[in-house]
Amino acid sequence: MTTRLVLDTVALAGETPDVQQPWADLGLKDDEYSQIRAILGRRPSSSELAMYSVMWSEHCSYKSSKVHLRRFGESLTDAMRQRLLVGIGENAGVVDVGDGLAVTFKIESHNHPSYVEPYQGAATGVGGIVRDILAMGARPVALLDSLRVGPLDAVDTRRVLPGVVAGVGGYGNCLGLPNVGGEVVFDPSYAGNPLVNALCVGVLRHDEVHLAKASGAGNRVLLYGAATGGDGIGGVSVLASETFEAAHRPAKRPSVQVGDPFMEKLLIECTLELFNGQLITGIQDLGGAGLSCATSELASSGGSGMRIQLDLVPLRDTSLTPEEILMSESQERMMAIVEPQQVQPFLAVCDRWGVEATDIGEVTDSGRLVIDWQGQRIVDVPPGSVAHDGPVYERPLCRPAAHDALASDSAERLSRPGGGAELRATVLALAASPNLCDRSWVTDQYDRYVQGNTVLAQPEDAGVIRIDEGSGRGVAVSTDCNARFVQLDPYAGAQLALAEAYRNVAVSGARPIAVTDCLNFGSPEDPGVMWQFAEAVRGLADGCRELEIPVTGGNVSFYNQTGDTAILPTPVVGVLGVIDDVRRRTPIGFTGPGCAVYLLGETRDELSGSEWAVVVHDHLGGHPPAVDLAAERALADVMVAAAAERLLSSAHDLSEGGLAQALVESCLRRGVGVGIALPGLDPLVALFSESTSRALVSLPTTQEVRLAELCSEHGVPSTRLGETVGIGGAAEIDVAALFNLPLDELRAAWSTTLPSALDNA
Amino acid sequence: MRVGVVTFPGSLDDVDARRAVRLAGADAVPLWHGTDELAGVDAVVLPGGFSYGDYLRCGAIARFSPVMGAVTSAARRGMPVLGICNGFQILCESNLLPGALVRNDSRRFVCRDQGLRIENTATAWTSAYTLREEVTLVLKNGEGGYVANAATLQRLEDEGRVVARYLGDNPNGSMREIAGICNERGNVVGLMPHPEHAVNDLCGPGTDGSRFFTSVLSAVVAA
Amino acid sequence: MPRVVVDVMPKADLLDPQGKAVYGALSRLGLGGVRGVRQGKRFELDLEGQLSEDRLVDLHRVAETLLSNPVIEDFVVRVEQP
């Protein structure tokens, strides 16, 4: 494709039907190529072939997931639609948060690029999701990043993780977006397949929602932002949706994209000023599939046609062919539809911000997307056939044969430590384990303060951002997924991920209202993986209906596997909640001595898939903890009411590591100790079971009666564990009749794991 | 009382700086990098961020911006100027303050709540603090290591021009734990940590930063 | 087309964390016999028209004020292609 003598035009394609085309090298199947010929009534030109191949890739077309993702729309009830201003299918969903304000948020993956080049892969992942949010008409206000990598002691993890963290920080910090939360998870299945999922939150007024639609014949098409170079040509189809070995086929010229966060910052401010001046009628960011995607989606969604003069696109590399320009994934570009009389003011705003803008074409009423290159027609297609009506597969799915053996190998049968000394050592070992230890080596590289509206950030259960300085209204966001639970039972595991994110938001004092998901799985061509995917989506859709919060958008990432071995199925769930007054949020840390400490919820003997089973026994098997979404709702009602009444000093969700880890984190947050007696269960179960729908709270003793009332009103069991005691050097976790653990010793174990593995890596 | 806050294209903490100015009781006046008009302000804050992307060196290009021409001459006439983080880098590049800021010795960006000791309360921006007072501000930078040659360091120490020093572990490799310095006259202060992120209890580590902004009010009234 | 190259290096007595990191990596890779590494920047200025003494003086000034910071860096201007 790079050395060419003749421009392959539409006319030439009509005259030379039998020319052999490299459709297979571009990732198309033979029936897909036939379908393209049928749509066009001729062979595609090479530019058209480039567009179809990239837009019909798994990453852009969702061809394997579409039939399952429909469940999210089908399960919507009126109650769930109430706050939904824009649902699935746009760049991001938009939900009403009251007072005429709306919030848009979405999570997206940039997995394979982050393995190839961790810094740039992660950085451009952040850049992409921020442009999605911006394209809705919103000012981006916060980021979260959900990271999964191989074992902490693996050599490649020390390449990937520091690079990814520096990339997320380098890009996000430079944009002035506070990073308020996320996850870092280590598991052998992510070695060679790191997951980099970034979530962005934006705020707008109801009347500021913009959509990716080109309408109004005669309106101009403006491309603005960075010039187009050879970045990530074929990156979408190769890096984002094929197995890794395939990336080395030379025909695809795989290359990573390089980000310029300063350009993106200019693009944000410039675009917000353009929205403000009402100079834009439709807008789309350029991400995966670049111009191919933006032109076809805008024209298709607007039900219009579009004519583009491709040789007007400003180039950073003048040797690019038209096919490459159409596929380029150069970052920091946007496309706007602008009324002709607004073009001059549009250009003036861009000039003020030093952003290059070029009028490259117009909206037509032809229903065709036509693209010309130096006076010759190289593309003439129905835009919908490129953007929205790609192939849809009903892939075979099959519960893997080995699954029964996995499910019956329960962790509840593993040997349990007997005495206090052994329990004490286990609490310490878990606190120091890679998945439970202090995250500040990562999160201290992120600016969490910029914009001055961050009320809670990591290590809190949810990030809480003030969105209205006057009223104090805010939003809370959390992302979660325990992929081991999903491996043990994809249906229940996806619901457990949803339940955990929901609980984290509620425990912070916010009412959960919407969901975004990033579904990271292995190859959809493996029926076992496809079964996991279908079950997870079904679980998530059913769970959302029961909790009455809609999925507003998200992303699917397939082919996360090495050879035949897929990653743990990882449907990362982001839940967004709203809080009327952020001053009433509840933080996780004990605030001082003399507070009563309660465990809310019911603890069962549930150890399969737990951190205890993995850290102590290196075991994964059995059934995950029981899902009880009614109990989650009841707990959330108590937590939200308690926050509104300012009843609680602290509240912390119980999840990985159970009660033991919640105590560790609530104590270490502000260096406040606790003296408790465990309820009359097996102490190991009391400390390490990962039963759901539970929270650890502390409150002034004067409020205990009111908490009891609230709990009984909502049917939430509550157990008084003890009281907070001691601060400073003497503070400890004292578990009556079993052990005591000084916080200094605990902090030393908890806080050194990541630095000692990653410093000077 | 009008305090100008400069916005470069890559400024990030300009909104926060304006909020801090307002909370201190002054009018916050946005100043655009492309103009040399200071709109009659009584003092100027150069906020944190990445001015012009800072790919060359932090603050290197900002130094040549129209607004910095005006700020530099006003500063030389005695107008109070506070450079925070990137603003500190710009002040050094503009030769309004000696020395330079280089990449953190950890080679990583660092964001944390940082203890400081205020060591000079005679400047336009620190008069509301007590000498040797320990305060907590937000530190967040990738290139915050203060360096200067031995003679310059000695002169800064002899003249009491180290305004603030880091407490505890040195977060970025700054020589002599220097977090902030001032010029001879005390009207120009450069500070690596962010006082504008510590002006209310809700969205930062307390309110220790507020007095940078109240200090300048009394400085201007006194002038 | 004349090309002038400006090399900018951190001053010798200044800590260069990036160079130090490369130095550490070299020893981890088992490459012995390297006494130190310093990391600098190289600017290539491609000029239109002829190179003259006056223009070189201008370029020197640019190298001193914009391309380098004399507090922390040294620079060398050289004509790579007259």
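Each row is one residue, and each column tells you yes or no for (1) out of contact with any helix residue (DSSP H, G or I) (no Cβ under 8 Å at 6 or more places or on another chain); (2) among the basic types (K, R); (3) modelled with pLDDT under 95; (4) buried (at least 20 other Cβ atoms within 10 Å of the Cβ).
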{"site": "B:L131", "(1), (2), (3), (4)": "yes, no, no, no"}
{"site": "B:T136", "(1), (2), (3), (4)": "yes, no, no, no"}
{"site": "B:D158", "(1), (2), (3), (4)": "yes, no, no, no"}
{"site": "B:M175", "(1), (2), (3), (4)": "no, no, no, no"}
{"site": "B:E184", "(1), (2), (3), (4)": "yes, no, no, no"}
{"site": "B:N200", "(1), (2), (3), (4)": "no, no, yes, no"}
{"site": "B:F212", "(1), (2), (3), (4)": "no, no, no, yes"}
{"site": "B:S215", "(1), (2), (3), (4)": "yes, no, no, yes"}
### Task
Give segment A:173-192 a look and list any residue that's crowded, with 24+ Cβ neighbours inside 10 Å and under 15 Å from the mean Cα position of the chain (by Cα), or say none.
A:N179, A:V180, A:G181, A:G182
### Message
For segment A:417-432, which positions are surrounded by 14 or more Cβ atoms within 10 Å (Cβ to Cβ), part of a loop (DSSP other than H, G, I, E, B) and touching a Phe, Trp or Tyr at 6+ places or on another chain (Cβ under 9 Å)?
### Response
none
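Per-residue answers, yes or no, for (1) touching a residue at least 60 places away in the same chain (Cβ under 8 Å); (2) within 14 Å of another protein chain (Cβ to nearest Cβ); (3) outside any loop (DSSP other than H, G, I, E, B); (4) within 20 Å of C:P70 (Cα to Cα):
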residue	(1), (2), (3), (4)
B:A39	no, no, no, no
B:L56	no, yes, no, yes
B:G59	no, yes, no, yes
B:A70	no, no, yes, no
B:S73	no, no, yes, no
B:L82	yes, no, yes, no
B:G87	yes, no, yes, yes
B:C92	yes, yes, yes, yes
B:L97	yes, yes, no, yes
#### Entry: Residues satisfying the stated conditions in segment B:191-207, i.e. touching a Ser or Thr at 6+ places or on another chain (Cβ under 6 Å), under 13 Å from B:V15 (Cβ atoms) and more than 7 Å from chain A (Cβ to nearest Cβ)
B:V199
### Message
Go through (1) surrounded by 18 or more Cβ atoms within 10 Å (Cβ to Cβ); (2) closer than 30 Å to A:V627 by Cβ; (3) among the hydrophobic types (A, V, I, L, M, F, W, C) for A:A402 and report which single condition fails.
### Response
(1)
### Summary
Selection from segment C:24-48 of residues modelled with pLDDT under 85 and within 14 Å of chain B (Cβ to nearest Cβ) yields C:G24, C:A25
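Here's the yes/no breakdown for (1) modelled with pLDDT of 90 or more; (2) in a helix (DSSP H, G or I):
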{"residue": "A:P22", "(1), (2)": "no, no"}
{"residue": "A:E32", "(1), (2)": "yes, yes"}
{"residue": "A:I39", "(1), (2)": "yes, yes"}
{"residue": "A:E48", "(1), (2)": "yes, yes"}
{"residue": "A:H68", "(1), (2)": "yes, yes"}
{"residue": "A:A102", "(1), (2)": "yes, no"}
### Task
May I ask you to list the residues in segment A:332-355 that are within 14 Å of chain B (Cβ to nearest Cβ) and either in a helix (DSSP H, G or I) or within 18 Å of A:A135 (Cα to Cα) (or both)?
A:E332, A:A348, A:V349, A:C350, A:D351, A:R352, A:W353, A:V355
## Note on the structure
Picked from segment C:1-23 (must be assigned to a strand (DSSP E or B), β-branched (V, I, T) and within 14 Å of chain B (Cβ to nearest Cβ)), the residue nearest to the chain's Cα centre (by Cα) is C:V8
### Task
Find all pairs meeting these conditions: Cβ atoms under 7 angstrom apart; at least six residues apart or on different chains; first residue within segment A:158-177 and more than 10 Å from every other protein chain (Cβ to nearest Cβ); second residue surrounded by fewer than 23 Cβ atoms within 10 Å (Cβ to Cβ).
A:R158/A:L758; A:R158/A:A761; A:L161/A:L758; A:G163/A:Y119; A:G167/A:Y119
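Please determine whether any residue of segment C:62-77 is in a strand (DSSP E or B), away from every other protein chain (no Cβ under 14 Å) and loosely packed, with under 14 Cβ neighbours inside 10 Å. Step through it out loud before you land on a result.
Residues of segment C:62-77 that are in a strand (DSSP E or B), as a first pass: C:73-77.
Checking which are away from every other protein chain (no Cβ under 14 Å) leaves us with C:76-77.
Retained after the next criterion (residues that are loosely packed, with under 14 Cβ neighbours inside 10 Å): C:76.
Scanning segment C:62-77 turns up at least one residue that is in a strand (DSSP E or B), away from every other protein chain (no Cβ under 14 Å) and loosely packed, with under 14 Cβ neighbours inside 10 Å.
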## Note on the structure
The helices (runs of 4 or more DSSP H) lying wholly within segment A:603-705 that contain at least 3 residues that are touching a strand residue (DSSP E or B) at 6+ places or on another chain (Cβ under 8 Å) are A:629-644, A:658-670
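Looking at segment B:169-190, is at least one residue among the basic types (K, R), in a loop (DSSP other than H, G, I, E, B) and in contact (Cβ under 8 Å) with a residue 60 or more places away in the chain?
First, the residues of segment B:169-190 that are among the basic types (K, R): B:176, B:185.
When the remaining residues are screened for being in a loop (DSSP other than H, G, I, E, B), the result is B:185.
Imposing the further condition that a residue be in contact (Cβ under 8 Å) with a residue 60 or more places away in the chain reduces the set to B:185.
Yes, the conditions are met somewhere in segment B:169-190.
Determine whether A:S328 is crowded, with 24+ Cβ neighbours inside 10 Å and away from every other protein chain (no Cβ under 14 Å).
yes
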### Residue that is nearest to A:S189 (Cα to Cα) [pool: residues in segment A:567-595 that are small (G, A, S) and surrounded by fewer than 22 Cβ atoms within 10 Å (Cβ to Cβ)]
A:G589
## Note on the structure
Selection from segment B:6-37 of residues farther than 21 Å from A:N453 by Cβ, facing another protein chain (nearest Cβ under 10 Å) and of a type outside the set (A, V, I, L, M, F, W, C) yields B:P9, B:G34
### Message
Given the condition under 23 Å from A:L267 (Cα atoms), in a helix (DSSP H, G or I) and touching a helix residue (DSSP H, G or I) at 6+ places or on another chain (Cβ under 6 Å), answer yes or no: does some residue in segment A:134-144 qualify?
### Response
yes
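If a residue has to be more than 14 Å from every other protein chain (Cβ to nearest Cβ), hydroxyl-bearing (S, T, Y) and in contact with a strand residue (DSSP E or B) (Cβ under 9 Å, 6 or more places away or on another chain) to count, how many in segment B:125-144 make the cut?
Residues flagged as more than 14 Å from every other protein chain (Cβ to nearest Cβ), hydroxyl-bearing (S, T, Y) and in contact with a strand residue (DSSP E or B) (Cβ under 9 Å, 6 or more places away or on another chain) within segment B:125-144 amount to 3.
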#### Entry: Scan of segment A:439-462 for residues that are crowded, with 22+ Cβ neighbours inside 10 Å, among the charged types (D, E, K, R) and either more than 10 Å from chain B (Cβ to nearest Cβ) or outside any loop (DSSP other than H, G, I, E, B) (or both), ordered by number
A:E460, A:D461
### Task
Would you check if A:A387 is among the small types (G, A, S) and loosely packed, with under 14 Cβ neighbours inside 10 Å?
no
### Query
Looking at (1) under 21 Å from B:L101 (Cβ atoms); (2) out of contact with any Phe, Trp or Tyr (no Cβ under 8 Å at 6 or more places or on another chain), can you tell me which one C:A25 breaks?
(1)
### Summary
Picked from segment B:101-115 (must be surrounded by 23 or more Cβ atoms within 10 Å (Cβ to Cβ) and farther than 17 Å from A:C174 by Cβ), the residue farthest from the other protein chains (Cβ to nearest Cβ) is B:Q114
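Which members of segment A:604-627 meet the condition of being farther than 18 Å from A:A492 by Cα and either hydroxyl-bearing (S, T, Y) or in contact with a His (Cβ under 8 Å, 6 or more places away or on another chain) (or both)?
A:A613
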### Task
Tell me which of these C:D58 doesn't satisfy, since it passes every other one: (1) under 30 Å from B:A148 (Cα atoms); (2) more than 12 Å from chain B (Cβ to nearest Cβ); (3) in contact (Cβ under 8 Å) with a residue 40 or more places away in the chain; (4) not in a strand (DSSP E or B).
(3)
### Task
Please work out which one of (1) more than 15 Å from the chain's Cα centre (by Cα); (2) within 14 Å of chain A (Cβ to nearest Cβ) is the condition B:A148 fails and give its number.
(2)
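The values are calculated or read from the model by the stated rules, or taken from the named source; none is laboratory data. The shown structure was predicted, so the numbers you read here are calculated from the model rather than taken from an experiment. Backbone-built Cβ (ideal geometry, glycine too); neighbour counts: all protein chains shown.
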